[in-house]
Structures are given as C-alpha cells and as structure tokens.
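**Q** I am attaching a structure below and will ask some questions about it afterwards.
The values are calculated or read from the model by the stated rules, or taken from the named source; none is laboratory data. Source: prediction; values computed, not measured. Here the Cβ is made from the backbone with ideal geometry for all residues, glycine too, and neighbour counts use every protein chain on show.
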Amino acid sequence: MKFTFSWLREFVDVKKSPQETAYALTMAGLEVESLASLGGQEDWVMEVAVTPNRGDCLGILGLAREVAALTGGRLKLPPVLPHVKGSGMERLVDVQIRSPSLCPRYSARMVLGVRVADSPDWMRVRLEVCGIRAINNVVDVTNYVMLETGQPLHAFDADRLATKRIVVREAGGIAKLVTLDGTERELASGDLLICDGDVPIALAGVMGGKDSEVQWDTHTVLLEGAHFDPACVRRTAKRLAIHSEASHRFERGVDPEGTLYALDRAVFLLAEAAGGVPVKGMVDRYPRRVKATPIVLREKRVSGLLGIELSRREAERLLKSLGMQVQSRSKIGARVVPPSYRRDLTREADLIEELARLHGYEKIPSTLPWVRPVGAGYDFRLQRERKVRAFLLGEGLTEMINLPFTSVELNRRFYGLWGDRGAAVSILNPLAQDKTELRLSLIPGLLENLRANLAQKARSFYAFDLGKVFCLNAQRSAEEKQYLAALLCGARGHRGLRLKEELAPNLRDAKGLVEGILEVLGIEAQPTWSGVGVGSFLHPGKAAVFGFGEREMGCLGEVHPDLCEELGLAPFLVVELDFEGLVQYAPRRLAARPLPRFPSVERDLAVVVDGTFPAQRIVSWIKELNHSLIEDVQVFDEYRGSPIPEGKKSLAYTISYRAEDRTLTDAEVNQLHHELAARIGDVFRAKLRG
C-alpha cells in the first residue's frame with residue numbers, strides 16, 4: 001500500500017515526522033517497507049506491507065486510524081456530499097440481489113451531466129505515485145476514493161444500461177463476458193456477476209465489462225459500492241488469472257458499513273472534478289446485515305499472555321482508540337464489540353494482541369517462562385531418517401530437496417512404485433504451467449537436479465532425495481507416502497595422488513546401496529530380488545525389484561536406453577524405495593550380541609550356471625537352510641569368457657562357518673562344505689568348478 005505523507009495528514013493530525021511515523025507503524029505490526037522523498041516537493045512516499053488479515057489498512061483511512069491510536073492524534077474525514085433518503089433515486093435505477101450470501105450489500109448513486117476529461121493534476125499525481133495509471137476524471141475518482149477508504153467502487157455509463165435494472169446473481173448459464181481489458185472471459189456457474197437485466201456488465205469485485213465502461217462521451221454515471229464475499233472473489237480472480245486493485249481488497253475483506261461514505265465521497269469529488277450534478281438519493285440493498293459478536297476480555301488472561309499488568313482503564317482506552325466498544329463489565333470480564341472494519345478480531349487472543357501492539361512490544365520485558373524441563377519424545381521414524389541420510393552422505397551422495405510438483409509427461413514416464421494402483425493428483429492453481437501435477441515419484445526432481453549439474457559442467461552426479469509422493473487411489477482420494485530415491489550418473493572421481501581408473505556405476509553399485517540402507521535400518525529379514533516386473537522406464541536386463549514376501553519395497557537399475565535418448569542424457573542408474581514401508585520392518589529395539597568366542601572358517605565355492613541365473617538365488621537358498629554352522633554367504637565374483645561356455649557364467653561365493661561352542665576342525669568344515677556344494681549342484685543344476 002503506497003501513499004504520500006501529506007495525504008495521510010489530511011485524515012489525521014500527525015505531529016511526528018515521516019521517519020517517526022514509519023517507525024511507529026512498523027513497531028505496531030504494519031511494516032513500512034520504504035520511505036522516500038518525493039522529488040521536488042516537501043513530501044514523502046511510504047509503502048506499507050499490509051498482511052492479508054488487515055484488509056482495513058488497504059486504504060489511507062484505515063492507516064490513519066492506526067496512526068491516531070498510536071500517536072493520540074485526532075482522526076479527520078474528508079468532505080462528502082451526503083445522500084438524502086427517499087429522493088426518488090429508485091425511480092431511476094432498480095437493484096436486485098439474487099445471491100445475498102455472495103453479496104450482502106449493494107449501494108448505488110447516480111451523477112448527471114458529467115463532463116469526462118482528464119483529472120486535475122493533484123489527483124493524477126497522487127494516483128501515479130501510488131502505482132495507479134490515470135485514465136479520466138470519472139474512473140480516477142473511483143480509484144482515488146478506493147485508495148482513501150479501502151472501498152472499491154465502479155462507475156457504469158448509465159446511458160448504456162438498457163433496462164436500468166441492476167441484478168446481482170451467479171453466472172449460471174451465462175458463459176462469456178468481455179471485460180474492460182477487451183478479453184473475452186469464460187465464466188463458471190459460480191462466478192458472481194453484475195447484470196443489466198439478464199445481460200452481464202461486470203465481474204463482481206474483479207473487473208468491469210467492456211460494454212458499460214465510462215467513455216469520453218459519457219454524461220450519466222452510475223456509481224457502485226458493494227460488499228462481496230471474499231472467497232467468491234478470490235476463486236474467480238484466481239481462475240481467470242486477474243489481479244486487480246479491487247479484487248486485492250475484496251479478497252481480504254472490506255468494511256460492509258463503508259459503502260455509503262465511499263459513495264458520498266466519490267459524488268463530492270465528481271461534482272468538483274467532472275462538473276456533475278448528483279442525484280440526491282441512493283439505492284441501498286442490505287439483505288444480510290453483518291452483526292458484530294461481542295468478545296469477553298478477561299484481565300487475568302491479558303496478564304497471563306502478555307506477562308505484564310495493564311490497568312482496566314488503560315486497556316479500555318487502548319481498545320476504544322481503535323474504534324471498539326466496551327459495552328459492560330462483569331466478574332468474568334469486559335464485553336468488547338469490534339468495529340465492522342476489523343474482520344480479523346474474532347477471539348479474546350486477538351484483543352490481547354491489539355493491546356500489546358498499542359502498548360508497545362518494546363515495553364514488554366523479556367522473561368523466561370516457568371516450565372518443567374522435559375526431554376523430547378523419541379521419534380522412531382525421524383531417527384531412522386537421520387541414520388539413512390548420514391549413511392548416504394557417507395557414501396558420497398548429496399541430498400536434494402525438491403518441490404513436489406512435476407509435469408504430466410514425467411509422471412507418465414516415472415510412476416514410482418504405485419504401478420496401476422493410482423493416478424496423479426492434479427493441481428488446481430499450479431505455480432508453473434509445466435508443473436501441473438503432484439509427483440508420483442522422486443525421480444523427476446532428481447532428473448532436474450541432474451540437468452542443472454550437467455549444465456554446470458559436472459562430470460558426475462550422485463544424489464538422493466527423501467520426501468513425499470502422492471497419488472489418487474481407487475476411491476479417488478489423495479494418498480501420500482514417503483519415498484527414498486537416489487540417482488547415480490557418471491564415473492565417480494578419485495582424489496589424491498593414487499589415481500585409480502574411474503568406473504561408471506553399475507547395477508551392483510545400486511544393489512549395494514540398497515543393502516547398505518537395509519543394514520543401517522537394522523532389517524534382518526531377507527529380501528527377495530527379481531528381474532521380472534521391473535518398470536517400463538528401466539532397462540529390462542539391468543534392473544531389479546525387491547521386497548519382502550509379496551510386498552514390493554523398491555526398484556533399482558539403469559534407465560531404459562530409449563528413455564535416456566529421449567531425455568538427451570547419458571545412461572544413469574536410479575533407486576527408489578518405499579521408505580515408509582521399510583521402516584515398518586526395522587526393529588524398534590536393537591539387541592546387543594556378544595562377540596564370537598571361536599573363530600570362523602571360510603570356504604569358496606564357484607559354480608557355472610546359465611547367463612541369466614540370478615546370483616541371489618543361491619544366497620537366499622543357503623540362508624533359508626538355517627544351518628547352525630553356516631554363519632554367512634556372500635557373492636564375490638562373476639565371470640564370463642574363456643573357458644566358460646557361451647551363454648554361461650561363473651559365480652563365486654564365500655561361505656563362513658562357525659560354531660558357538662567350539663573351534664571347527666578342517667575335517668568338519670570340508671565335509672559340510674562338500675555336502676553343501678553337491679546339493680547346490682543338484683538343486684540348481686549347476687556345474688561345480690575346481
């Protein structure tokens with residue numbers, strides 16, 4: 001909200017300097033963002049950041065009330081040309097409100113014999129300083145009064161109104177309206193319209209219509225001052241992407257009792273600036289009068305929240321300076337009625353906040369509250385998140401934090417672990433036209449991070465993201481889960497004097513990352529790995545899914561070559577896990593185990609199997625034996641080439657044997673190992689290598 005200091009002084013006696021006034025407003029919660037001298041004049045331009053709950057301060061009158069309450073200055077109102085009741089105005093125009101819930105009040109006045117011309121210099125200068133373009137004296141008067149009072153007004157060319165019957169109604173079957181900017185707008189059935197009979201002439205609270213605008217040959221002006229529902233105005237303005245000075249104020253709430261004064265002030269200025277002759281009467285439809293609800297204010301509650309003692313007389317003085325009424329007092333407390341322009345005052349805490357603002361925040365001493373020190377509760381999931389983050393950071397990955405919005409195309413390509421169980425959640429008011437859905441997967445965000453890093457000449461990119469994903473389930477309700485995703489691209493460089501060959505990541509690196517995460521979470525259940533059923537965005541021969549039993553917990557692998565080519569990227573690997581589900585398998589308590597008393601004995605085993613044989617099958621089978629002397633089994637090598645036949649591969653395993661009560665002899669281990677190797681050969685039809 002911009003205004004000049006001289007304009008403010010027309011509304012309130014200000015004895016402070018502009019700098020002191022700006023400081024007082026800022027300390028009272030109305031931050032003055034800028035204060036600049038108006039070149040060539042002894043005046044200052046202030047810009048106040050008005051919070052959304054203080055729509056009353058989007059006019060100089062509202063700011064003047066604040067200054068008067070803060071400084072003790074006397075509030076003044078500019079001159080008006082008051083209306084006279086019962087003066088025949090209703091014979092000239094009729095007003096009907098068919099949607100009283102969306103338009104609780106509609107007032108109108110008429111001015112005859114208007115001469116449309118340029119506005120006086122003093123008015124044009126003030127409007128332009130406030131960021132509003134001067135158009136003509138009639139339109140400029142409506143904008144000028146809006147800046148003064150915070151009440152938006154609209155001027156119609158009354159001679160262009162065929163029926164002289166103003167109807168306030170929802171659009172219903174009316175499909176289109178050409179607004180003042182010449183744009184044809186597509187209307188929704190719930191949009192509120194101002195109509196001339198059945199013909200729409202304005203979008204209520206947003207923008208006027210082209211056909212009824214004031215032009216240079218206009219002689220009769222109908223002035224509108226109304227109170228519209230904030231939610232309705234905001235819904236229409238957002239959908240049509242229109243942000244006007246009027247909608248900005250109506251969205252935040254204007255004073256329903258301020259329409260008459262604003263119209264009387266506009267008529268006064270039109271008589272001066274345009275030579276018009278006002279019709280003395282006024283049409284005022286007010287089917288739903290807004291009644292203020294008294295709020296009980298307790299002295300003990302004031303001292304309890306502020307930590308200071310305010311006398312009853314001082315509290316009443318401060319509240320009355322803001323236009324509030326203190327009706328009565330009882331043992332419980334005082335009954336305070338907020339003014340109609342303070343829609344933000346609805347409860348006792350709001351009144352106490354006003355007392356703190358006017359008394360002065362700087363006068364409230366800083367004291368530590370009396371509290372019993374207690375430790376924070378143990379958050380199991382949060383602790384697991386921290387452990388996984390620390391592990392991934394230690395593995396050389398960088399954490400990314402991305403917004404949950406993505407494009408339709410990327411959601412179609414990367415659908416996460418939802419499969420065909422859900423659809424994407426569309427966004428009604430997207431921040432960007434290319435990001436209209438909530439993400440089904442974390443991978444699209446990591447893709448954008450990859451592109452940004454490659455654009456900065458990065459040779460490799462290793463990153464992860466731990467965040468929420470969203471979908472519509474079968475019941476068409478939004479569902480969200482916490483996923484963990486990682487992206488590995490490019491050869492990881494080595495630092496130091498001992499340079500090694502830089503190798504690009506492969507499926508084993510991604511699998512090792514997943515196994516490390518399971519180990520950090522303390523999950524002892526053995527996952528099942530499969531190359532069947534991987535997503536279409538993954539390379540069919542270099543990808544896998546894993547889970548526990550029938551429950552799928554994640555996927556990993558190289559992105560499909562066709563998709564890489566389409567994205568214009570070199571091959572890279574991705575990992576995506578259902579972190580929320582994994583945490584359910586993590587033990588709540590970690591059990592401590594004593595170190596083994598007796599040494600382990602290791603034996604290697606190499607077998608020749610088909611080229612498509614999963615190495616994990618033998619590992620899982622050995623662990624499922626649950627043999628008391630078999631402690632662990634690991635894959636340590638895979639080999640293809642001579643002398644291994646074409647279409648075959650060699651897998652090498654290390655098997656650890658240990659007994660809890662004695663040291664195993666070579667004879668025991670050799671016999672057990674020989675039996676185990678023979679059974680593996682029979683079960684998997686594998687050929688043992690010597």
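**Q** Just checking, does region 432-441 include any residue being surrounded by fewer than 22 Cβ atoms within 10 Å (Cβ to Cβ), in a loop (DSSP other than H, G, I, E, B) and under 14 Å from the mean Cα position of the chain (by Cα)?
**A** Yes, some residue in region 432-441 is surrounded by fewer than 22 Cβ atoms within 10 Å (Cβ to Cβ), in a loop (DSSP other than H, G, I, E, B) and under 14 Å from the mean Cα position of the chain (by Cα).
**Q** (1) surrounded by fewer than 19 Cβ atoms within 10 Å (Cβ to Cβ); (2) in contact with a helix residue (DSSP H, G or I) (Cβ under 9 Å, 6 or more places away or on another chain); (3) at pLDDT 90 or above: which one isn't true of residue 565, the others all being true?
**A** (2)
**Q** Looking at region 177-193, which of the residues that are under 29 Å from the mean Cα position of the chain (by Cα) and in a loop (DSSP other than H, G, I, E, B) is surrounded by the fewest Cβ atoms within 10 Å (Cβ to Cβ)?
**A** By that ranking, first place goes to 189.
**Q** Now for a separate question. Let me confirm something: among 164, 176, which residue is touching an Asp or Glu at 6+ places or on another chain (Cβ under 8 Å), in the same structural domain as residue 252 (by TED's automatic domain parsing) and without any contact (Cβ under 8 Å) to a residue 12 or more places away in the chain?
**A** Step by step, each of 164, 176 is checked, and only 176 is touching an Asp or Glu at 6+ places or on another chain (Cβ under 8 Å), in the same structural domain as residue 252 (by TED's automatic domain parsing) and without any contact (Cβ under 8 Å) to a residue 12 or more places away in the chain.
**Q** Sticking with this structure for a sec: Restricting to region 502-535, and then to whatever is acidic (Asp, Glu) and in contact (Cβ under 8 Å) with a residue 24 or more places away in the chain, can you tell me which residue is surrounded by the fewest Cβ atoms within 10 Å (Cβ to Cβ)?
**A** Only one residue fits best here, namely 524.
**Q** Sticking with this one: Out of (1) modelled with pLDDT of 90 or more; (2) closer than 18 Å to residue 558 by Cβ, what's the single condition that is false for residue 415?
**A** All conditions are met except number (1).
**Q** Give the residue, chosen from 58, 63, 70, that is touching a His at 6+ places or on another chain (Cβ under 8 Å) and either over 23 Å from residue 107 (Cβ atoms) or in the same structural domain as residue 14 (by TED's automatic domain parsing) (or both). Reasoning before the result, please.
**A** Numbers: 63 fails: touching a His at 6+ places or on another chain (Cβ under 8 Å); 70 fails: touching a His at 6+ places or on another chain (Cβ under 8 Å).
Within the list 58, 63, 70, the selection yields 58.
**Q** Follow-up. Only one of these conditions is not met by residue 553: (1) without any contact (Cβ under 8 Å) to a residue 24 or more places away in the chain; (2) in the same structural domain as residue 413 (by TED's automatic domain parsing); (3) not basic (Lys, Arg). Which number is it?
**A** Only one criterion in (1) without any contact (Cβ under 8 Å) to a residue 24 or more places away in the chain; (2) in the same structural domain as residue 413 (by TED's automatic domain parsing); (3) not basic (Lys, Arg) is unmet by residue 553, namely (1).
**Q** Need the failing condition index for residue 199 against (1) touching a Gly at 6+ places or on another chain (Cβ under 7 Å); (2) aliphatic (A, V, I, L, M); (3) surrounded by fewer than 20 Cβ atoms within 10 Å (Cβ to Cβ), just the number.
**A** (1) is the only condition that residue 199 fails.
**Q** Filter region 104-149 down to residues that are surrounded by fewer than 17 Cβ atoms within 10 Å (Cβ to Cβ) and acidic (Asp, Glu), then give me how many there are.
**A** Looking only at that region, the number is 3.
**Q** Then there's this: Go through region 519-565 and count every residue that is within 23 Å of residue 618 (Cβ to Cβ) and over 35 Å from the mean Cα position of the chain (by Cα).
**A** 20
**Q** Take residue 659 and decide whether it is farther than 16 Å from residue 604 by Cβ, of a type in the set (A, V, I, L, M, F, W, C) and touching a residue at least 12 places away in the same chain (Cβ under 8 Å).
**A** yes
**Q** Can you name the residue in region 355-414 that is under 30 Å from the mean Cα position of the chain (by Cα) and among the hydroxyl-bearing types (Ser, Thr, Tyr) and, of all such residues, is farthest from residue 452 (Cα to Cα)?
**A** Here the residue is 378.
**Q** Also, I was wondering about something else. Scan the helices (runs of 4 or more DSSP H) fully inside region 504-596 and keep the ones with 2 or more residues being touching a strand residue (DSSP E or B) at 6+ places or on another chain (Cβ under 8 Å) and under 23 Å from residue 480 (Cα atoms).
**A** Fully inside region 504-596 and qualifying: 507-520, 579-585.
**Q** Tell me which residues, restricted to region 513-567, are among the basic types (Lys, Arg) and in contact with a Leu (Cβ under 6 Å, 6 or more places away or on another chain).
**A** Answer for region 513-567, where residues must be among the basic types (Lys, Arg) and in contact with a Leu (Cβ under 6 Å, 6 or more places away or on another chain): just 542.
**Q** I've got another one for you. Counting only residues that are part of a helix (DSSP H, G or I) and closer than 30 Å to residue 256 by Cα, how many does region 343-396 have?
**A** 12
**Q** I'd like the full set of residues that are among the hydroxyl-bearing types (Ser, Thr, Tyr) and either part of a helix (DSSP H, G or I) or within 54 Å of the chain's Cα centre (by Cα) (or both), limited to region 602-644.
**A** 612, 620, 639
**Q** Where the second residue is of a type in the set (D, E, K, R) and not in a strand (DSSP E or B) and the first is surrounded by 10 or more Cβ atoms within 10 Å (Cβ to Cβ) and lies in region 634-649, which pairs have Cβ atoms under 6 Å and are six or more apart or on separate chains?
**A** 649/640
**Q** Further question: Looking at region 36-54, can you tell me whether even one residue there is of a type outside the set (Lys, Arg), under 27 Å from residue 221 (Cα atoms) and buried (at least 20 other Cβ atoms within 10 Å of the Cβ)? Let's see the steps before the verdict.
**A** Step one: list which residues in region 36-54 are of a type outside the set (Lys, Arg), which gives 36-53.
Next, from what is left, pick out any that are under 27 Å from residue 221 (Cα atoms): none.
Checking region 36-54: not a single residue is of a type outside the set (Lys, Arg), under 27 Å from residue 221 (Cα atoms) and buried (at least 20 other Cβ atoms within 10 Å of the Cβ).
**Q** Continuing with this model, one more query. Report, ordered by the first and then the second residue, all pairs with beta carbons closer than 6 Å, sequence separation of six or more or different chains, a first member in region 89-101 that is surrounded by 14 or more Cβ atoms within 10 Å (Cβ to Cβ) and outside any loop (DSSP other than H, G, I, E, B), and a second member that is at pLDDT 95 or above and hydroxyl-bearing (Ser, Thr, Tyr).
**A** Cβ pairs passing all conditions: 95/106; 97/106.
**Q** Do the conditions hold for residue 428, that is, is it closer than 30 Å to residue 536 by Cβ and either part of a loop (DSSP other than H, G, I, E, B) or at pLDDT 90 or above (or both)?
**A** Spelling it out, residue 428 is indeed closer than 30 Å to residue 536 by Cβ and either part of a loop (DSSP other than H, G, I, E, B) or at pLDDT 90 or above (or both).
**Q** Additional query: Return a yes/no flag: does region 10-30 have any residue that is surrounded by fewer than 22 Cβ atoms within 10 Å (Cβ to Cβ) and under 21 Å from residue 153 (Cβ atoms).
**A** Within region 10-30, one or more residues are surrounded by fewer than 22 Cβ atoms within 10 Å (Cβ to Cβ) and under 21 Å from residue 153 (Cβ atoms).
**Q** Could you say whether any residue in region 645-662 is polar (S, T, N, Q), modelled with pLDDT of 90 or more and over 21 Å from residue 525 (Cβ atoms)? Steps first, please.
**A** At the first step, the residues of region 645-662 found to be polar (S, T, N, Q) are 650, 654, 656.
From the residues that got through so far, the ones that are modelled with pLDDT of 90 or more too are 650, 654, 656.
Adding the requirement that they be over 21 Å from residue 525 (Cβ atoms) leaves 650, 654.
Checked against the condition, which is being polar (S, T, N, Q), modelled with pLDDT of 90 or more and over 21 Å from residue 525 (Cβ atoms), region 645-662 yields at least one hit.
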